[in-house]
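Asker: Pasting in a structure now, in structure tokens, and then I'll have a few things to ask.
The values are calculated or read from the model by the stated rules, or taken from the named source; none is laboratory data. All values reported here derive from a predicted model rather than from experimental measurement. Because the Cβ atoms are built from the backbone with ideal geometry, glycine has one as well, and the counts that use them run over all protein chains shown. These accessible areas exclude ligands, DNA and RNA; they are computed on the full protein's heavy atoms, side chains included. Shrake-Rupley method; radii C 1.70, N 1.55, O 1.52, S 1.80 Å.
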Amino acid sequence: MEPFEPVIIAFVCNWCTYTAADLAGTSRLSYPTNIRLIRVMCTGMVDPQYVIKAFLEGADGVLISGCHPGDCHYINGNYKARRRIKLLKEILPRFGIEKDRLRLTWIGASDGIEFAEIMTQINDQIIEMGPSQTRLNKAI
Amino acid sequence: MMTKIEREDNSSAKGLQQFFKQLLEMQEIDALFLPVRLNASTSIMPSLVTDPAQLENAVPLSPSFPLNSARMVSRLSYKASGRKTAVLLRPCETRAFIELIKLKQGSRQELILIGMDCPKALTSSDYAAYAKQAPLADDAYIETVFSDNNDTLNGFEFSSACNTCEHPFPVNTDINILLHGVDLSDGMVVTAETEAGQQVLGRLNLPEATAPARREERIQQIKEGNSTANTAMIEDITDRTDSIVKLNAFFDRCINCYNCRNMCPVCYCKECVFNTDVFHHQPVQYHQWAEKKGSIKLPTDTTFYHLTRMAHMSHACVGCGQCSNACPSDINVFQLFKSVARLTQAAFEYSPGTDENESPPLSVFYEREFENTVGIAREE
């Protein structure tokens, strides 16, 4: 059997986590290619719909990552994101999408090493959890 | 302040009509909003009445609940009209309206909100059948639904939303009409809950009443019964829809008509994203999906739509059941949404419609909260 290669969608904010990813790259650090970064201007613009859509289309995990509390470029976008992720962590497990498949982290612009480490850990966790039910049931 | 609405010719329904007639004849009240039987038919629809003579067709208490009127009251009040309107609402309608006030889609500035012990409701299809059997049986209905033995009506089950309702008593109103545990032969009890209510009620010169002795007891009984039914319903529906595959199966009759959204009193967006170009897909898009998955059902985005709606409004769901009532495919949308609402409302400790000053959970945030939502520690 082929090893399980998950698909993980990461919405990362322009000012912190995307910059950290950039730093990881320029520092020649590597992280799992299963994680597909989508750059957004702020975690506060990640509509719960984006997350729901990703899972319904077969994503095995979704990560939202932005600036640490107090560091948001738009003052409070990350606080709004936190409430929305809290909301989704109530709704999605109700339909069997485990809480741990949805992640919210704060990774600052200078945390290139931490970025690579967290991406590796998340990838390992999702591999351990196995494919999501939507991936297994493509025809839905 | 506690006064009495006396019966007319031994009829509670007529007594109530008389009460509303007196209200409308007052100088201070320009219009009444309440259910009215239309064109001598069995259809009872919320109506805005300005002529007291028209109130002979008013049916303040009936098992007909064609829509949640909160949206209609929002239309009447989102801007000043220069008119004072007294509005009669079921408890779930009042709670939904309070949610709309929070979203600046309504105002109680020019309204007198009149609440009532809820007379429960049949689904619209059951009501049509019942009304054929028992047209104009307003008094028989009131006698049945406010008796101790009110589980069914002429053999019809009440809507599951009503049977599982945890708040069937008025809150946030100016005037309340109390009916449970009241000796109806002696008239109904009406109370003023706010200063505005007191001013209006005070001028009607109604006889004084005493607190209905058995009301508290009935409230407890009804709350306990409904709460048990609610827990059982939620367990059952959760079991039937605990995976995406089961959720898809639950909605496999859904035709994306969006009636559930249109009739939802707290689905508050001016323009729903599912009506925008975002979901006006290119023909090639459908082909690509079909090619990727082997086949796709059309219309598409059904489960996506329902999950999105849960994310948008479940925290504000008042459990009125109108989503199910409006479903042409007979899907019990209400049960599903109520089971999700229980989770999201508990997560934010939010109780929709009970406190006007409580902000909707997604409109506020605090620096230190939900900290275990962040990070990658394993929970399961």
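Asker: Can you list residues from other chains, or at least 5 along the same chain, whose modelled amide H is less than 5 Å from the amide H of B:ALA58?
Answerer: Answer set, sorted by chain and number: B:ARG37.
Asker: Taking a Cβ-Cβ separation under 4.7 Å as the criterion for a possible partner, which cysteines of chain B have none?
Answerer: B:CYS118, B:CYS162, B:CYS165, B:CYS254, B:CYS257, B:CYS269, B:CYS272, B:CYS317, B:CYS327
Asker: Still on this structure, please answer the following. Name the residue, out of A:ILE85, A:ILE118, A:ILE107, whose mean-square fluctuation peaks in a Gaussian network model built on chain A with Cα pairs under 10 Å.
Answerer: Ranking A:ILE85, A:ILE118, A:ILE107 by mean-square fluctuation puts A:ILE118 first.
Asker: Rounded to the nearest percent, how much of the accessible area of chain A (1.4 Å probe, protein heavy atoms only) is carbon and sulfur?
Answerer: The C+S portion of the solvent-accessible surface of chain A is 53 percent.
Asker: Relative to the longest principal axis of the C-alpha atoms of chain B, give the angle of the C-alpha long axis of helix B:333-347, reported between 0 and 90° and rounded to the nearest 10°.
Answerer: Computed tilt is about 90 degrees.
Asker: Per residue, how much accessible surface does the protein assembly as shown expose to a 1.4 Å probe? Answer in Å², no decimals.
Answerer: Per residue, the protein assembly as shown has 45 Å² of solvent-accessible surface.
Asker: Taking a probe of 1.4 angstrom, what is the accessible area of B:ARG71 in Å², to the nearest 10?
Answerer: The accessible area comes out at roughly 80 Å².
Asker: Another question, if that's okay. Taking a spot 7 Å from the Cα of B:ASP355 along the direction of its beta carbon, which residues of segment B:171-200 have an amide N less than 17 Å from it?
Answerer: From segment B:171-200, the list is B:171-173.
Asker: Averaged across orientations, what area in nm² does the convex hull of the alpha carbons in segment B:222-373 project?
Answerer: In nm², the orientation-averaged hull projection of segment B:222-373 is 11.8.
Asker: Excluding B:ALA213 itself, calculate the net charge of residues whose Cβ lies under 13 Å from the Cβ of B:ALA213, where each Lys or Arg counts +1 and each Asp or Glu counts -1.
Answerer: Charge balance near B:ALA213 sits at -1.
Asker: Using a 1.4 Å probe and ignoring any ligands, DNA or RNA, find the accessible area of B:MET2 and quote it in Å² to the nearest 10.
Answerer: Here the accessible area works out near 60 Å².
Asker: Work out, step by step, the length gained on full extension between B:ASN372 and B:ASP236: first 0.36 nm times the residue separation, then minus their alpha carbon distance; give nm to one decimal.
Answerer: 46.0 nm
Asker: In Å² (nearest 100), what accessible area is buried between B and A, both sides summed, heavy protein atoms only, 1.4 Å probe?
Answerer: By this definition, chains B and A bury close to 4200 Å².
Asker: If you don't mind, there's one more thing I want to ask. Quick one: Karplus J couplings for segment A:4-18, per residue in order, coefficients 6.51, -1.76, 1.60, θ = phi - 60°, nearest Hz, x for Gly and Pro?
Answerer: Ordered by residue, 3J(HN,Hα) equals 6, 10, x, 10, 10, 9, 10, 8, 10, 7, 4, 8, 10, 5, 5 Hz.
Asker: Working out 0.36 nm times the residue gap between B:SER147 and B:THR194, then minus their Cα-Cα distance, what length gain in nm do you get to one decimal?
Answerer: Gain on stretching B:SER147 to B:THR194: 14.1 nm.
Asker: What are the residues whose amide H is under 5 Å from the amide H of B:ILE112, where those residues sit 5 or more places off or on another chain and H is modelled from the backbone?
Answerer: It is B:THR85, B:ALA86, B:VAL87, by chain and number.
Asker: Can you give the FRET efficiency to the nearest 0.05 for B:GLU216 and A:GLU2, using r as the Cβ-Cβ distance and R₀ = 51 Å?
Answerer: Numbers: r = 67 Å, r/R0 = 1.31.
Result of the calculation: an efficiency of 0.15.
Asker: In 10 Å bins starting at zero, report the fraction of Cα pairs in segment B:287-380 per bin as a rounded %.
Answerer: Per 10 Å bin, starting at 0, the Cα pair percentages come out as 13, 32, 28, 21, 6, 0.
Asker: Test of understanding: express the Cα radius of gyration of segment B:17-123 as a ratio to 2.2 N^0.38 Å, with N the residue count.
Answerer: Scaled against compact globular proteins, the figure is 1.02.
Asker: In addition: Residue by residue through segment B:198-208, what is 3J(HN,Hα) from phi via Karplus (6.51 cos²θ - 1.76 cosθ + 1.60, θ = phi - 60°)? Round to whole Hz and write x for glycine and proline.
Answerer: 4, 4, 5, 5, x, 7, 7, 6, 7, x, 5
Asker: Moving on to the next point. Three principal axis extents, largest first, for the C-alpha atoms of segment B:2-214, in Å?
Answerer: Principal axes ranked by extent give 45, 37, 35 Å for the Cα atoms.
Asker: Here's a follow-up. Using Cα pairs under 8 angstrom and six or more residues apart, how large is the relative contact order of segment B:222-373, in percent?
Answerer: Working: 103 pairs, mean separation 43.3, N = 152.
Taking the mean separation of contacting Cα pairs over the length of segment B:222-373, I get 28 percent.
Asker: In degrees, nearest 10, range 0 to 90: what is the angle between the Cα axis of helix B:302-313 and the longest Cα principal axis of chain B?
Answerer: The two axes meet at around 50 degrees.
Asker: With chain B treated as a Gaussian network of Cα nodes joined by springs under 10 Å, which of B:LEU206, B:LEU32, B:LEU24 yields the largest mean-square fluctuation?
Answerer: Per the Cα network of chain B with a 10 Å cutoff, B:LEU206 tops the list.
Asker: I've got another one for you. From largest accessible area down, sort A:THR19, B:THR228; use a 1.4 Å probe on the protein chains.
Answerer: The ordering from most to least exposed comes out as B:THR228, A:THR19.
Asker: Obtain the nm distance between the two label points defined at B:GLU379 and A:TYR50 by a simple spin-label model: each point lies 7 Å from its Cα along the Cα-to-C-beta direction.
Answerer: In this crude spin-label approximation the distance works out to 2.1 nm.
Asker: Which whole number in µm²/s is D for segment B:100-195 by Stokes-Einstein, with the Kirkwood Rh taken over Cα pairs at 20 °C and 1.002 mPa s? Numbers along the way, then the final one.
Answerer: Working: Rh = 15.3 Å.
The calculation lands on 140 µm²/s.
Asker: Hey, another quick one. Calculate log10 I(q)/I(0) of segment A:17-140 for q = 0.17, 0.18, 0.21, 0.23 Å⁻¹, where I(q) comes from the Debye formula with a single equal point scatterer on each Cα and nothing for solvent.
Answerer: The calculated log intensity ratios at q = 0.17, 0.18, 0.21, 0.23 Å⁻¹ are -0.89, -0.99, -1.27, -1.42.
Asker: Next up: Taking amide H positions as placed 1.01 Å from N in the peptide plane, with prolines and chain starts having none, which residues 5 or more places from A:LEU63, or on another chain, fall under 5 Å of its amide H?
Answerer: Amide H to amide H, under 5 Å and 5 or more residues apart or across chains, A:LEU63 pairs with A:ILE9, A:ALA10, A:PHE11, A:ARG103.
Asker: Moving to a separate point now. Which FRET efficiency value, to the nearest 0.05, do you get for B:LEU48 and A:LEU29 by plugging their Cβ-Cβ distance into 1/(1 + (r/R0)^6) with R0 = 56 Å?
Answerer: On the way: r = 67 Å, r/R0 = 1.20.
The pair B:LEU48/A:LEU29 has a calculated efficiency of 0.25.
Asker: When the Karplus curve 6.51 cos²θ - 1.76 cosθ + 1.60 is applied with θ = phi - 60°, which whole-Hz ³J(HN,Hα) does each residue of segment B:223-235 get, with x for Gly and Pro?
Answerer: Those phi angles translate into 4, 5, x, 5, 5, 4, 4, 5, 4, 5, 4, 5, 4 Hz.
Asker: Running Debye on chain B with equal point scatterers at the Cα sites and no solvent, what base-10 log of I(q)/I(0) appears at q = 0.12, 0.13 Å⁻¹?
Answerer: -0.97, -1.12
Asker: Using a cut-off of under 15 Å, list every residue of segment A:48-88 whose amide N is near the label point 7 Å from the Cα of B:GLN285 along the Cα-to-beta-carbon line.
Answerer: Only A:50, A:53-54, A:57 pass the distance filter.
Asker: Provide, for q = 0.05, 0.06, 0.11 Å⁻¹, the log10 of I(q)/I(0) from a solvent-free Debye sum over equal Cα point scatterers in the protein assembly as shown.
Answerer: So the normalised log intensities are -0.25, -0.35, -0.97.
Asker: Compute the signed sum of charges (Lys and Arg +1, Asp and Glu -1) over the other residues within less than 10 Å, Cβ to Cβ, of A:ASP47.
Answerer: Taking every other residue near A:ASP47 into account, the sum is +2.
Asker: So, one more: Taking K and R as +1 and D and E as -1, what net charge do the other residues with C-beta under 13 Å from the C-beta of B:THR354 add up to?
Answerer: With Lys, Arg at +1 and Asp, Glu at -1, the net is -4.
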